[in-house]
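The values are calculated or read from the model by the stated rules, or taken from the named source; none is laboratory data. Keep in mind the model is a prediction, meaning the values are calculated, not measured. Methodologically, a virtual Cβ is constructed for each residue, glycine included, from the backbone with ideal geometry; neighbour enumeration extends over all protein chains shown. In case anyone asks, the SASA skips ligands and DNA or RNA and just uses the protein heavy atoms, side chains included. Shrake-Rupley method; radii C 1.70, N 1.55, O 1.52, S 1.80 Å.
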Amino acid sequence: MNQCHVCGSTEISEKIIDHIFNIDGKMILVENLPAHVCERCGEETFHVQTVERVRQKLADSQFLKTIEIPVLSY
């Protein structure tokens with residue numbers, strides 16, 4: 001049984017999400033990413049194979065589009 005490493009909950013669901021990675025100071029949005037999401041705290045985790053595929057796509061610069069994101073400082 002999967003258990004959340006943040007809150008300890010065993011209520012983990014497989015979902016398709018959009019996730020922003022910060023790689024070398026660049027924000028990269030990955031859409032339609034399979035993830036395990038904790039139903040209690042929302043922590044998202046990924047299979048090793050999923051992360052490796054994202055790394056490969058980044059290495060090959062397989063970007064679909066570029067978007068502009070407004071930034072605020074708190």
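Brief remarks on what is shown
- For segment 53-70, 3J(HN,Hα) per residue [Karplus equation, 6.51 cos²θ - 1.76 cosθ + 1.60, θ = phi - 60°, Hz, x = Gly/Pro]: 5, 4, 4, 5, 4, 5, 5, 8, 6, 8, 8, 7, 6, 10, 10, 9, 10, x
- For the peptides 61-71, 40-50, the ranking by mean Cβ contacts within 10 Å, running from highest to lowest, is 40-50, 61-71.
- Accessible surface of segment 27-74, 1.4 Å probe, proportion on carbon and sulfur as whole %: 54 percent
- Accessible surface, the chain, averaged per residue in Å² (probe 1.4 Å): 86 Å²
- Where only DSSP H runs of four or more residues are counted, the chain gives -5000 deg cm²/dmol as its mean residue ellipticity at 222 nm, each run worth -39500 (n - 2.57).
- Cβ-based net charge around D18, under 14 Å, with every Lys or Arg adding one and every Asp or Glu removing one: 0
- Sum of side-chain charges, E44 neighbourhood, beta-carbon under 12 Å (Lys, Arg +1; Asp, Glu -1): -3
- Rounded, prolate or oblate (a/c below 1.5 giving rounded, otherwise prolate when a/b exceeds b/c) for the chain by Cα gyration tensor: oblate
- For segment 22-36, putting each phi into the Karplus relation 6.51 cos²θ - 1.76 cosθ + 1.60 with θ = phi - 60° gives couplings of 9, 10, 6, x, 9, 8, 10, 8, 10, 8, 6, 9, x, 8, 9 Hz, in residue order, rounded to whole numbers and with x for Gly and Pro.
- Segment D24-Y74, extension gain: residue separation times 0.36 nm, minus the distance between their alpha carbons: 15.8 nm
- Computed with a 1.4 Å probe over protein heavy atoms only, the accessible area of H5 comes to about 130 Å².
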